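The values are calculated or read from the model by the stated rules, or taken from the named source; none is laboratory data. A quick note: this is a predicted structure, and the numbers were derived from the prediction, not measured. Glycine also receives a Cβ, built like all others from the backbone with ideal geometry; neighbour counts cover every protein chain displayed.
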Ligand SMILES: [Zn+2]
């Protein structure tokens, strides 16, 4: 019986997660995420899954981020009819994300068609999938809670452990029985951090793996501490109050938005800043908050106590407003500061955030605050790099707004945190660490760091290359 591992995405890059475990010729897919980056390249990569859908025995989804679940509907559209295993919270979040993507794609197609018509050009771009495909993919999802091992094929068992990354996020442990001998492969998905609000820390009580597929997003970076970040956030907010300006925060609608609101609330409670209006301008963030409310099984102790014991709502705050309609969103343009706008998407590639940037990027009293990972070739990365001329929606705009970055709110472990988690799990059987989900520089640094700390050998996974496991 042969066991093989290979990656068809997020190999030497951070988006488009798609990993394959092949047991005795049967294919198990871990995540089927969308590639994000320059439009043409993303489109080309997202249309080619690199594997025929009818070859897949079962699929597993580690969490609901777009770069992990975004192409599940493409898999369905191409004929996959099997199960997609996910935790119940991941199923809900992924459903929301996939539907949102279907809407954005339909809107983009409409916009591009109109543009082409005006220029007298022919138009032949079609969305990757539509709502029907997204609904079908959601229908294929089988909810499996943490620590409920289940056979997903002949001689292969799968079990989820909390990854501490976003609500519902999981590591997937595969136990393969090969003539009475067990081989365990642990896929980290995206690895979270200790001490994040709302959700639990990454699990450490995991049966000893033989192989580990580990993300390496921040393989060459250390995050600032949350305490320092709170000081910085307080300073930025105080400056905004003084200038009567605005803070625009591009953030993923799930997890980061809820955390940011929580941090602003703490700053208000501790009187670091006065009560200022905070607008969450993302219909998805509103829906996501509802999902947070129905999954108490994912909370850490603090939220559990506030929510369950004291009947407080940790996701409802005094000066917090959720805007849903486009009219409400547009009205924010007329609203004078001080004002905080949190909007999606997190890398500024689509969504309402782009309109807020267009309206405010030329104003020196605006601060654009980046709080998350910005992939190469995204508008968010260009903003974080403080470029002064930016192209948004086809127009070139001069940036006069300040750009600030706080990376302590990251949902990904930095290299020291990842190594610390690794040293707290049972590594007694661990033969090899496969590094995925990282840019080449970060991966090289992380590999070196793991070697210096005497962990088992790490290998940087190359796209499509086959690795035999025993
Ligand atoms: Zn993620």
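Since residue 138 meets every condition but one in (1) in contact with a helix residue (DSSP H, G or I) (Cβ under 8 Å, 6 or more places away or on another chain); (2) surrounded by fewer than 17 Cβ atoms within 10 Å (Cβ to Cβ); (3) over 30 Å from residue 425 (Cα atoms), which condition does it not meet?
Only one criterion in (1) in contact with a helix residue (DSSP H, G or I) (Cβ under 8 Å, 6 or more places away or on another chain); (2) surrounded by fewer than 17 Cβ atoms within 10 Å (Cβ to Cβ); (3) over 30 Å from residue 425 (Cα atoms) is unmet by residue 138, namely (2).
Restricting to the stretch 208-224, count the residues that are away from the ligand (no atom under 13 Å from the Cβ) and assigned to a strand (DSSP E or B).
4
Quick check on my filter: what residues within the stretch 401-450 are within 16 Å of the ligand (Cβ to nearest atom), closer than 19 Å to residue 228 by Cα and part of a strand (DSSP E or B)?
414
Listed residues 305, 328; which is modelled with pLDDT of 90 or more, surrounded by fewer than 18 Cβ atoms within 10 Å (Cβ to Cβ) and either more than 29 Å from residue 99 (Cα to Cα) or in contact with a strand residue (DSSP E or B) (Cβ under 9 Å, 6 or more places away or on another chain) (or both)?
Matching residue, one of 305, 328: 328.
Does residue 157 fit the bill of being touching a strand residue (DSSP E or B) at 6+ places or on another chain (Cβ under 7 Å), away from the ligand (no atom under 15 Å from the Cβ) and without any contact (Cβ under 8 Å) to a residue 60 or more places away in the chain?
Yes; evaluated as a whole, the condition is true for this residue.
For the stretch 273-301: of the residues being over 20 Å from residue 202 (Cα atoms) and free of Cβ contacts under 8 Å to residues at least 24 places away in the same chain, which is surrounded by the fewest Cβ atoms within 10 Å (Cβ to Cβ)?
In this case the residue turns out to be 290.
List pairs: first in the stretch 182-207 and closer than 19 Å to residue 224 by Cα and outside any loop (DSSP other than H, G, I, E, B), second modelled with pLDDT of 95 or more and within 13 Å of the ligand (Cβ to nearest atom), Cβ under 8 Å, 6+ apart or cross-chain?
none
For the stretch 1-119, which fully contained strands (runs of 3 or more DSSP E) count at least 1 residues that are without any contact (Cβ under 8 Å) to a residue 24 or more places away in the chain, within 16 Å of the ligand (Cβ to nearest atom) and surrounded by 19 or more Cβ atoms within 10 Å (Cβ to Cβ)?
Fully inside the stretch 1-119 and qualifying: nothing.
Criterion first (under 26 Å from residue 345 (Cα atoms) and in a strand (DSSP E or B)) does residue 397 satisfy it?
yes
Test residue 387 against the stated conditions and say whether it is in a strand (DSSP E or B) and either surrounded by 13 or more Cβ atoms within 10 Å (Cβ to Cβ) or within 16 Å of the ligand (Cβ to nearest atom) (or both).
no
What number of residues within the stretch 340-379 satisfy the criterion of being surrounded by 19 or more Cβ atoms within 10 Å (Cβ to Cβ) and either out of contact with any helix residue (DSSP H, G or I) (no Cβ under 8 Å at 6 or more places or on another chain) or in a helix (DSSP H, G or I) (or both)?
Final tally of qualifying residues: 8.
Can you report the number of residues in the stretch 162-181 which are within 16 Å of the ligand (Cβ to nearest atom) and either in a loop (DSSP other than H, G, I, E, B) or over 20 Å from residue 87 (Cβ atoms) (or both)?
7
If you go through the stretch 451-470 one residue at a time, how many are assigned to a loop (DSSP other than H, G, I, E, B), in contact (Cβ under 8 Å) with a residue 60 or more places away in the chain and over 22 Å from the mean Cα position of the chain (by Cα)?
Result for the stretch 451-470: 4.
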